[in-house]
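For reference, the structure discussed in these notes is given below.
The values are calculated or read from the model by the stated rules, or taken from the named source; none is laboratory data. Note that the structure is predicted; figures quoted are calculated from it, not measured. Positions of Cβ are backbone-derived with ideal geometry, glycine not excepted, and every protein chain shown enters the neighbour counts. In case anyone asks, the SASA skips ligands and DNA or RNA and just uses the protein heavy atoms, side chains included. Shrake-Rupley method; radii C 1.70, N 1.55, O 1.52, S 1.80 Å.
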Amino acid sequence: MENYPGFSKIEGFKLSQKFEEHLKALDVPLKVGVEVIKIVKDNNIFKVNTSQNTYFSKSVIYGAGWSFVKLGIDGEDKFLGRGVSYCAVCDAPFYKGKIVAVIGRGEIAVEEALYLTRFASKVYLFLLNKKMKLPPHLEKELENTKNLEIILGANVEKIEGKLFVEKLIYTKDKEKKELKVDGVFIFAGLKPNIEPVKELVETTKAGFIITDENMQTKTPLLFAVGDIRQKVLRQIVTACSDGAIAAQAAYKFLRQMKSS
Ligand SMILES: Cc1cc2nc3c(=O)[nH]c(=O)nc-3n(C[C@H](O)[C@H](O)[C@H](O)COP(=O)(O)OP(=O)(O)OC[C@H]3O[C@@H](n4cnc5c(N)ncnc54)[C@H](O)[C@@H]3O)c2cc1C
């Protein structure tokens, strides 16, 4: 992780451990490994249903981030972490000198495939778009990249291997084909994790939660912070900033309610 003040570079896991230590020092109870299933508001009280307990609260600060969209290809889940990845920046160095396939849509898939060509000996890009107009700089970069091959109009059916990914099975022009690969990178988009609060918030078309400048959603005292919000820059420093603003606003609004 970079760009977080005080740490020129730190592993994400180590930074999260530091956050945890900080919370413990402030006596904030942590519930690890608990999934929030649904949040409802009834009589000015939020009911937070989780995989373990139900919690009641006057205010909720929600920061569930986003997940990568899965394509549902046979083998996608089975080989996750064993050849299937959703993050080129995280995993590209493992594929130095190897053959990888990128399956995805949009400019993001092209960008990620180009990034992978710096590590892999060969990158096959299965573009799922029926039609796509690329900006000139990407067109030019594609032209100049010799170890990238684009495969259009294919239907990827299966990722196969023993312990790790070994090949892709796909059909193109009604013909079944096999491609030997060491890794498969999937870039089909992002999905904000709004399921538990979706009835309580307003979102953009892409599903990111719209808040006011206090981070408050359309439901009073429900705040949304971090990557799940509609915002211009998704970084740790801006997520922390959102959290600080929301915590301060929740405190202020609850005090106002108490004294009115
Ligand atoms: C590959 C990559 C590299 C990055 N590098 C940098 C960098 O160098 N510097 C930087 O500043 N930023 C970086 N970022 C961005 C940064 O990681 C995010 O902006 C930041 O983590 C957002 O924090 P968040 O708390 O909003 O979301 P997240 O960090 O995504 O945390 C959300 C948490 O909520 C959990 N969750 C989701 N749904 C539920 C549920 N129903 N119940 C319970 N828990 C749930 C998730 O499991 C997750 O732990 C990077 C992002 C990526 C993908």
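Give segment 1-31 a look and list any residue that's near the ligand (Cβ under 10 Å from one of its atoms), more than 25 Å from residue 221 (Cβ to Cβ) and under 22 Å from the mean Cα position of the chain (by Cα), or say none.
Within segment 1-31, 1, 2, 3, 4, 9, 10, 12, 15, 16 meet the criteria.
Before we move on, is residue 238 surrounded by 14 or more Cβ atoms within 10 Å (Cβ to Cβ), closer than 30 Å to residue 109 by Cβ and in contact with a Lys or Arg (Cβ under 7 Å, 6 or more places away or on another chain)?
yes
Having 3 or more residues that are of a type in the set (Lys, Arg) is the bar; report the strands (runs of 3 or more DSSP E) wholly within segment 153-244 that clear it.
Filter on segment 153-244 gives 175-180.
Restricted to segment 226-246, and to residues that are near the ligand (Cβ under 7 Å from one of its atoms) and of a type outside the set (S, T, N, Q), which residue is farthest from residue 213 (Cα to Cα)?
Among residues in segment 226-246 that are near the ligand (Cβ under 7 Å from one of its atoms) and of a type outside the set (S, T, N, Q), the one farthest from residue 213 (Cα to Cα) is 236.
Of (1) open to solvent by 40 Å² or more (accessible area, probe 1.4 Å); (2) more than 16 Å from the ligand (Cβ to nearest atom), residue 170 satisfies all except one. Which?
With (1) open to solvent by 40 Å² or more (accessible area, probe 1.4 Å); (2) more than 16 Å from the ligand (Cβ to nearest atom) applied to residue 170, the lone miss is (1).
Could you tell me whether any residue of segment 68-84 is assigned to a helix (DSSP H, G or I), of a type in the set (Gly, Ala, Ser) and open to solvent by less than 70 Å² (accessible area, probe 1.4 Å)?
no
How about segment 40-67: which of its residues are of a type in the set (S, T, N, Q), in contact with a strand residue (DSSP E or B) (Cβ under 9 Å, 6 or more places away or on another chain), more than 10 Å from the ligand (Cβ to nearest atom) and assigned to a loop (DSSP other than H, G, I, E, B)?
Result: 59, single match.
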